[in-house]
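Below is one structure, written out as structure tokens; comments come after it.
The values are calculated or read from the model by the stated rules, or taken from the named source; none is laboratory data. Owing to the predicted nature of the structure, the values given are computational and were not obtained by experimental measurement. As a convention, Cβ positions derive from the backbone with ideal geometry for all residues, glycine included, and neighbour counts pool all protein chains shown. Side chains included, ligands, DNA and RNA excluded: accessible areas come from the protein's heavy atoms. Shrake-Rupley method; radii C 1.70, N 1.55, O 1.52, S 1.80 Å.
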Amino acid sequence: MKAANSRIIKNTGLLYFRLIFLTFINLYTVRITLEALGQIDYGIYDVIASVVASLSIFTGAMTSATQRFLSFHLGTNDYEKYSMTFSLMLICFIGIAMLLVIFGEVIGVFFIDDWLTIPPDRVTAAYWVFQASLLSFAIGFVTIPYMSSIIANERMDAFAIFSIVEGILKLGIALWLIHHSGDRLLLYGTLVALTSICVFLMQMSYCHSKFKYCRYIWHWNRKIFVDLSKYTGWNLLGSVSALMTTAGQNILLNIFFGPIVNTSKAIADRIRNVINGFSVNLYLAISPQMVKSYAAENYDRAINLVLMSSKISFMLIFVLAFPLLCNMNSILEFWLGDDSKTPYMVAFSKLILIYCLVLTLEPPITSIIQATGNMKRYQIWVGAVTLSYIPIAAVVLWCGASPLMSLIVLIILMAMAQVIRVYIAHEQVDLSYTRYYKKVLIPILKVAVIGLPLYWVVTEWHFHGIWITLIFKTLIAAIIGLTIVVIIGLDKSDRSMIMELVRNKLPHFKH
């Protein structure tokens, strides 16, 4: 138990180092890319990527299935089944990727010609970007079994290295764009596709050299195939729901408002990716342990990991989001420059932070339900709520609402879906309502209630000079957010645990 907890701490630290490093690279990369492509081409690339993402309805379902079954087999020390499952999943991923590329070629022309708002002189470039994005998608799809093996084996050092290499390559692409005199959108799409190929080759080589049970062997096991198919089939509904909250929203904004609003939303999405990375890192470090604990029938530890990761993830995101909420306008000016900032960027970015806070509660509950392998009820109920997003958002926008309402509708639906998740977890894994209420919801509500009036106070503060105001308000907001979390959000046992972890990792701290 102690070794497992130590591994969680080590892997979380590695993932946070990765995230902090990538955050600075990605923020700078986005600024350079936006400057190089311009708002029109940047918006075109984002919406084209969203169209390609519509093919990824299988990706979430199959990624979840791969990670769940591989972690489960490691939890029961059944390496023979691990090898069978890995080989079966690999050939399935290759076959499905080929079918999705063929399907993508058909629907791509339809979307670009008949649905998307693209300037006539950029249609040819849009077609080329679509082809490059389709290739990137296919390569990334086949990479999933290897990435899932790295995560299931809790080799987060390798996972971090591959991510950092990918981030550096994309920064190099952005720097190249600035000095390119030809069509930058065409070059950007091509180089991003080549980056996907490089990452795939690195992960495949690593898994072949480090894990002897991660080599393809021809073996047919009908039971494993049926189990994987059932699990993936029900998870497919969840993948469709996720698609509606990403590609569907971007397509609606493009239809009703054009690529400029897509660019505003794209910048907010970049912020979401960075912020979500912090909670996802904790989830990535804990999820394999959660599944392995459930597989070993250590149910109490699995539930404790759900409660702990739910609360800590929210608190962590709150500490990060609070100073951003208080200074979003100045931060966007500093990041993108005043000329690149559009009217909706600030509002979209603030709403996306609220969305991130709501979404932090989802992965731990979903992971423990996935550990059971019984996803039918979960996906039907949660899918019914989230699939309602597109028709509701379409009606709201058709009635003349602001584009911001598309995100407000999404936040409300995600909160409703979380209530359903907790109910299903209670039914399937005996997650106590009382424990969830006391250990997760009460601390969260306290932090939110106290933080709201302080947000309005900090927002109204002004100092002499724009940069002085940004620096001091960000620093003060960060201190306030951290103080609220430590004093109000964490209980005595949480603070004691954190101090114990610090002492264990820093022996000299004891003296």
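Please work out if Leu475 is open to solvent by 70 Å² or more (accessible area, probe 1.4 Å), within 28 Å of the chain's Cα centre (by Cα) and at pLDDT 75 or above. Talk me through it step by step, then tell me what you get.
Numbers: open to solvent by 70 Å² or more (accessible area, probe 1.4 Å): yes; within 28 Å of the chain's Cα centre (by Cα): yes; at pLDDT 75 or above: yes.
Yes: the conditions hold for Leu475.
Name the residue that is farthest from Ala302 (Cα to Cα), counting only residues in region 444-455 that are under 24 Å from the mean Cα position of the chain (by Cα) and open to solvent by less than 30 Å² (accessible area, probe 1.4 Å).
Going through the qualifying residues, I end up with Val447.
Could you say whether any residue in region 430-440 is modelled with pLDDT of 85 or more, closer than 18 Å to Val319 by Cβ and assigned to a helix (DSSP H, G or I)?
Of all residues in region 430-440, those modelled with pLDDT of 85 or more come to 430-440.
In the following step, the residues that additionally are closer than 18 Å to Val319 by Cβ were identified as 440.
From what is left, the residues that are assigned to a helix (DSSP H, G or I) are 440.
Yes, there is a match, as at least one residue in region 430-440 is modelled with pLDDT of 85 or more, closer than 18 Å to Val319 by Cβ and assigned to a helix (DSSP H, G or I).
Looking at Ser310, Ser279, which one is crowded, with 20+ Cβ neighbours inside 10 Å, at pLDDT 80 or above, touching a Phe, Trp or Tyr at 6+ places or on another chain (Cβ under 9 Å) and within 23 Å of Phe69 (Cα to Cα)?
Numbers: Ser279 fails: at pLDDT 80 or above.
Result: Ser310 is the single residue among Ser310, Ser279 that is crowded, with 20+ Cβ neighbours inside 10 Å, at pLDDT 80 or above, touching a Phe, Trp or Tyr at 6+ places or on another chain (Cβ under 9 Å) and within 23 Å of Phe69 (Cα to Cα).
Ser406 versus (1) assigned to a helix (DSSP H, G or I); (2) open to solvent by 40 Å² or more (accessible area, probe 1.4 Å); (3) polar (S, T, N, Q): which is the lone unmet condition?
Here Ser406 meets the rest and fails (2).
Let's see how each residue does on (1) aliphatic (A, V, I, L, M); (2) in contact with a Gly (Cβ under 8 Å, 6 or more places away or on another chain); (3) at positive phi; (4) open to solvent by less than 10 Å² (accessible area, probe 1.4 Å):
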{"residue": "Asp114", "(1), (2), (3), (4)": "no, no, no, no"}
{"residue": "Thr117", "(1), (2), (3), (4)": "no, yes, no, no"}
{"residue": "Ala126", "(1), (2), (3), (4)": "yes, no, no, yes"}
{"residue": "Val129", "(1), (2), (3), (4)": "yes, yes, no, yes"}
{"residue": "Ala138", "(1), (2), (3), (4)": "yes, no, no, no"}
{"residue": "Met156", "(1), (2), (3), (4)": "yes, no, no, yes"}
{"residue": "Ile168", "(1), (2), (3), (4)": "yes, no, no, no"}
{"residue": "Trp176", "(1), (2), (3), (4)": "no, no, no, no"}
{"residue": "Ser181", "(1), (2), (3), (4)": "no, no, no, no"}
